[in-house]
Amino acid sequence: MFKIGLKPCMAIAVSAYVIPLTLVSISAITSGWFSLYDNALSDLGHAVKSNVAPLFNLGLSLGAILIIVFTSRYAFELSKLLGASLAFTGMSLNLVAVFDEAYGPLHLIVSMMFFLSLLAVVVAYAYIFKTYVPPTVAALAGITSWLLHFTYRVPRGAAIPELISILVSIPFYMRYVVNVCKEH
């Protein structure tokens with residue numbers, strides 16, 4: 001019989017970024033006010049000011065849970081360093097959803113933890129797989145986007161540097177996932 005579908009390991013790992021990015025995108029499109037250039041993604045999750053906060057924060061929480069499930073079930077087998085980096089990413093992503101912008105400075109702290117954890121995943125990947133040029137280029141792209149935002153306010157909102165940081169980390173995450181899921 002012909003079987004269609006992903007193995008559980010791969011399905012969990014892919015869902016960990018597809019679900020949050022999909023719900024973030026739906027939130028942005030349906031909010032009626034969100035601008036990639038003028039807002040931070042977290043503006044969508046503000047419990048008091050955003051009409052799409054439940055959907056946005058649900059996306060982050062589901063992504064966090066899936067990252068932690070993938071990490072605890074599969075990721076530590078291949079690399080404890082990458083497993084720990086991913087576990088921290090999942091934990092910090094959940095904290096971004098829990099401590100939304102209504103929490104002020106606390107939200108900034110947990111958001112910084114999340115974006116630094118993405119950088120840690122890329123650095124850990126480089127170290128574990130002994131490949132340095134692609135992770136360095138990815139890390140520099142993310143860091144440069146944040147420097148432009150904080151130094152020159154280009155763009156005015158943080159959504160673009162946030163998305164760059166997320167998108168440049170996905171290929172390294174997925175390469176790790178492929179290696180991990182070969183055995184499962």
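Computed from the coordinates by the stated procedures, all read-outs in this text should not be read as laboratory data. Predicted model, so just to flag it, every value in this text is computed and none were measured. With ideal geometry, Cβ positions are generated from the backbone for all residues, glycine too; neighbour counts draw on all protein chains shown.
Where a ≥ b ≥ c are the square roots of the eigenvalues of the C-alpha gyration tensor, would you call region 21-162 rounded, which needs a/c under 1.5, or, failing that, prolate if a/b is larger than b/c, or oblate?
Numbers: a/c = 2.21, a/b = 1.35, b/c = 1.63.
In terms of gyration-tensor shape, oblate.
Helix 8-31 axis versus longest C-alpha principal axis of the chain: approximately 10°, rounded to the nearest ten. The long axis of helix 159-181 is offset from the longest Cα principal axis of the chain by roughly 10 degrees. Within the chain, count lysine pairs with alpha carbon atoms under 29 angstrom apart where the residues are 8 or more positions apart or belong to different chains. Within the chain, the lysine pair count is 7.
Where Lys and Arg each count +1 and Asp and Glu each count -1, what net charge lies around R156 among other residues with Cβ under 14 Å from its Cβ?
Details: positive: R153; negative: D38, D43, E162.
Around R156, the surrounding residues sum to -2.
Among S61, S92, S79, whose mean-square fluctuation peaks in a Gaussian network model of the chain (Cα, cutoff 10 Å)? Largest GNM mean-square fluctuation: S79.
Before anything else, pin down the relative contact order of the chain: Cα pairs under 8 Å, at least 6 apart, normalised by residue count, whole percent. Don't jump to the answer; show the numbers that get you there.
Values: 250 pairs, mean separation 45.5, N = 184.
With pairs under 8 Å counted, the relative contact order is 25 percent.
Residue separation of V137 and I29 scaled by 0.36 nm, minus their Cα-Cα distance, works out to 35.9 nm of gained length.
Taking Cα atoms only, the orientation of helix 133-152 departs from the longest principal axis of the chain by about 10 degrees.
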